[in-house]
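Every number here is computed from the coordinates shown, using simple stated rules; none is lab data. Computed from a predicted model, the values in this text were never measured in an experiment. When we count neighbours, we look across all protein chains shown, and the Cβ atoms used for this are built from the backbone with ideal geometry, even at glycine.
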Amino acid sequence: MADNTVTQPFLSSVELVRERVPNFDRYPYCIPALRNLETLHLNPRVTFFVGENGTGKSTLLEAIAIVEGFNPEGGSRNFNFATRESHSELCDCIRHSRPPRLMRDTDGFFFRAESFFNVATEIESLYPSAYGQTPLHEQSHGESFFSLVLNRFKGNGLYLLDEPESALSPSHQRSFLTAMSDLIKDGSQFIIATHSPILMAYPGGTIFQFTESSTREVPYKETEHYKITKSFLQRTEQMLAELTGDSPVA
């Protein structure tokens, strides 16, 4: 692996080009965090998009992926299949900044949990044994994701991941942090939409929290994910009593 110095990111920023928006009352521009989106300065190593469901984090990640030439359902830049056209038009209104960088021999992949089955099917039809000895559909969701990371992610690449934790147990999320760290040391950049307080704890990462009104950068321990998880683990019985209406276990 290369050293831990990242000279140039693949993407340095993204912004909403407001004059291109056809109607702010129409989806997805009506989502408050997207309607009020300004320039997001991306971390050269890893940037996390976090927030409640429906706040626009996955929608923005999808738009970035499409602008970068990835298939909307996921995969690498040379995947062009479409099971169902469902991506938003946000990509038409996104401007990204890409610093000067030699793009020859670079890697990239867009992973989205909700359509990985379709991507795995395409992989098996095009590259039967390229992503490990066992076909992806003959592995569990978590195993197939790790096969993807270990056999397909080559380093020196841009990796966009939408809720990768949906495939991973907590222990495998820790293992993924190790794999991600190795790839970052090899010149890679990650942008990840996630609910996982384990993944977003990656040291030195930038976290943008999507709310019902805006998108803002927050420290890890100020995310709702960290605070709710910490409170639940420290006050499990009391929290369960409050949530269920039952008395705490003696």
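Details
- Cross-link partners for residue 221 among the lysines, with Cα-Cα distance under 18 Å and sequence neighbours closer than 8 places in the same chain left out: 230.
- If R0 equals 25 Å, the separation of the Cβ atoms of residue 227 and residue 171 corresponds to a calculated FRET efficiency of about 0.60.
- Set against the 2.2 N^0.38 Å expectation for a compact globular protein, the stretch 16-71 has a Cα radius of gyration ratio of 1.17.
- Which of 110, 208 has the fewest Cβ neighbours within 10 Å, and the rest in rising order: 208, 110
- Between residue 95 and residue 246, the simple label model (points 7 Å from Cα in the Cβ direction) yields a spacing of 5.6 nm.
- Charge tally in the Cβ shell below 11 Å around residue 65, where Lys, Arg are +1 and Asp, Glu are -1, residue 65 excluded: -2
- Candidate lysines - alpha carbon under 20 Å from residue 227, same-chain residues fewer than 8 apart omitted: 57
- Least to most buried among 168, 60 (fewest other Cβ within 10 Å first): 168, 60
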